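Let me begin by presenting the structure, written as structure tokens, before commenting on it.
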Amino acid sequence: MPSVIEAVVLTLTTRIFTACLRSLVLSYCGNSFPHGSECEPQHNRPSRPLHSLESLQTAPVPVGVVPSSRRRPPMLLRELLEAPRLGLRVLHEAPGSLERPVGRVVTTDLLEPGRYLTGGELVLTGLVWRRSADDSEAFVASVAGRGVTTVLAGDALLGTVPDDLLEACRRHGVTLVEVPTEVAFADIAEYVAARGVAATGARVSLARQRQLLSALADGRSLDELAARVSAEVGHDCRVLTTTGRHVVPGPHELDDPTVDLLVRRFLTADRLPAGVDAAGTAYTVFPIGSGLGNRLTGWLLAADGDHAEWPRDHVEAVQELCAIAALDRSRRDEGLRAVRPLAADTVGLIEAGAPHADVAGRLRQAGLDPTQPVVVVVAELVGDGPLETGQALVEDVALTVGSPVVAPDRDGRLVGILPATAGLAARLHAAFGRLAPGTGRGRLSVGASGEAPTDNLAGALEEARFAHRVAHAGRAPVSVVGSDEVTSHVLLLAAVPDDVRRTYAHRVLGPVLEHDERTGADLVPTLDTFLACSGSWSRTAEALHLHVNTVRYRIERVQQLTGRDLSRLEDRVDVFLALKSR
């Protein structure tokens, strides 16, 4: 039986071949076609003779190689518009669009054809989809969202190109060209094909896609496939995440300022791919995957150079690499999801005060060395999607230093346990800070503990929670606070091993805890509130809805059981620290 990968290869190959064949057939359609008919020549024109199709056939072409007889500079949109026999008229010109290379020609009369586009196509439409002015906005938004910059609209059906389509193209920065009634879409497709743009590119794209999928099935790494495509197109390709992690570093990792610019462009661009100027060096950012999900957790491909100046087959080669990278990411994500139950067990054991041996065993199963120091991170993403979005971000940052151990705690906040490495604090600030342009109305707050041994994870967790409370109090879209940025008794207690803290708490408050357990007298809650109210009898009584005499009786009973005088500062500090050490 064929393997899963072989089935994927076969399925994708069949779909690509079908799409290419359909595009070729549709390119021979007229300016418009009647309702209920997919493809019919305009004005009952006779069908094209078969030899017109045969003229597009060539011998098989090796991947990435164009025969020397076909090596011609790509046709620019300006050249197409200047063709006298086509009579095309520009209704709206987006800045710089006339100097862009003409991409694949696609004929469509779907209302929202975006899902079938890859970006850069020359879209021809007979306006069959238009029923109202709102339809123009839907159509243009759909094609513009996939990177289409030019629409050629025929006026045969409606007699003219409607104003609402013109306004929609202006809003989305799409060039709009009117195709006169007497010109068939097939004439335009043939004119483009005569320059060798369409036919050769489809065969090269199909063969390249086959090779990349086969290489992936053979166990080739994403780095190897990226290097192959980089060599083919002459532009270094790197794969990054929004936190700046280099999944594929290319010849070398990019510096932090360049990564910041690339991520910002990816998170904020109206459409992708998009160009970036980094200190005089041009890059193009491509989305990996559909681009329809939350960009905050997306992957991006950064290629050297401006894609607007590339031949069409180079753009397609990079986009095919993006599709392969999306498959590779799916495989990696499955691996991360497999580790999440172990991470959840680890965080649960820490919160329950489990013995160190149990926690260490879970850490080892999750891929962390329990003999090495760690840093605990507490994070919360508010107002931007489900909990899994924040979990994916913390996991991605953790992957820069080791295996990710990330899970929600009992309060629904995310807890990450990271190997302590040099410069980790600065890395956390930089990685999470890059996400700020993409948070929208959401807020991300992160608190990090200092370096701690794994036998003191409870203390480190408490320290990280305190730092997170400070970060959460800020108003910035992303706020990261480390333990060295705050001072409190929490940090003092966090530096004490867990077993020492528990022993101290039992020695000071043991009799009180046992009395409450035996009688249910609520001495500990009363003591906690009394200290929180700075020793005020009346405020404590009001907070607990008790009579003042009841509060006095309970506090006197605590003093008897502990042997401490709570009117003395030293004794009050001892009891306070014991309460916080439980």
With every protein chain in place, the accessible area of Trp129 for a 1.4 Å probe, in Å² rounded to the nearest 10, comes to 20 Å²
Portion, in percent, of the accessible area of region 498-580 that falls on carbon or sulfur, probe 1.4 Å: 49 percent
Between Arg171 and Arg131, with labels modelled 7 Å along Cα→Cβ, what's the label distance in nm to one decimal, could you check? 1.9 nm
When the Cα atoms of region 339-495 are enclosed in a convex hull and the volume is divided per residue, what value in Å³ results? 98 Å³
Kirkwood estimate for region 77-197, i.e. one over the average of 1/r between Cα atoms, Å: 14.1 Å
Tell me the carbon and sulfur percent of the accessible area for region 237-281, rounded to whole percent, probe radius 1.4 Å. 44 percent
I need the peptides 219-226, 171-178 ranked by packing, meaning the mean over residues of other C-beta atoms within 10 angstrom, with the highest value on top. 171-178, 219-226
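Between Ser534 and Asp484, what is 0.36 nm times their sequence separation minus the Cα-Cα distance? Round to one decimal in nm.
Extra length from Ser534 to Asp484 when fully extended: 15.3 nm.
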Using a 1.4 angstrom probe, figure out how much accessible area region 77-197 has per residue, in square angstrom, rounded to the nearest whole. 39 Å²
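Find how much the distance from Arg507 to Ala326 grows on full extension, using 0.36 nm per residue of separation minus their present alpha carbon separation; answer in nm with one decimal.
59.4 nm
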Radius of gyration, Dmax [region 498-580; alpha carbons; angstrom]: 12.2, 38
Using the Karplus curve 6.51 cos²θ - 1.76 cosθ + 1.60 with θ = phi - 60°, work out ³J(HN,Hα) for each residue of region 453-468 in order, rounded to whole Hz, and write x for Gly and Pro. x, 5, 7, 10, 5, 5, x, 5, 5, 5, 5, 5, 5, 5, 4, 5
Which far-off residues, 5 or more places away or on another chain, put their amide H under 5 Å from the one on His92, with H placed in the peptide plane? Leu176
Estimated FRET transfer efficiency (Asp163, Asn294; beta-carbon r; R0 51 Å; 0.05): 0.90
What spacing in nm lies between the two simple spin-label points modelled at Asp256 and Tyr553, each 7 Å away from Cα in the Cβ direction? 6.2 nm
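Highest mean first, how do 347-354, 387-394 rank when packing is the count of other Cβ atoms within 10 Å averaged over residues? Intermediate results must be reported in sequence, preceding the final value.
Details: 347-354: 17.6, 387-394: 20.8.
For the peptides 347-354, 387-394, the packing ranking is 387-394, 347-354.
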Region 537-573 and region 221-263: distance between their alpha carbon centers, rounded to Å: 64 Å
Order 153-164, 559-570, 104-115 from most to least packed using the mean count of other Cβ atoms within 10 Å. 104-115, 153-164, 559-570
Amide H neighbours of Leu127 under 5 Å, counting only residues 5+ apart in sequence or on other chains, H built in-plane at 1.01 Å? Gly154
Between Glu182 and Arg85, what length in nm is gained on full extension when 0.36 nm per residue of separation is reduced by their alpha carbon distance? 33.9 nm
J(HN,Hα) series, region 499-505, from Karplus relation 6.51 cos²θ - 1.76 cosθ + 1.60, nearest Hz, glycine and proline x: 5, 5, 4, 5, 5, 4, 4
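The values are calculated or read from the model by the stated rules, or taken from the named source; none is laboratory data. As the structure is a prediction and not an experimental result, all values here were calculated from the model. For neighbour counting, all protein chains shown are included, and Cβ atoms are generated from backbone atoms with ideal geometry for every residue, glycine included. Calculation scope for accessible area: heavy atoms of the full protein, side chains included, ligands and nucleic acids excluded. Shrake-Rupley method; radii C 1.70, N 1.55, O 1.52, S 1.80 Å.
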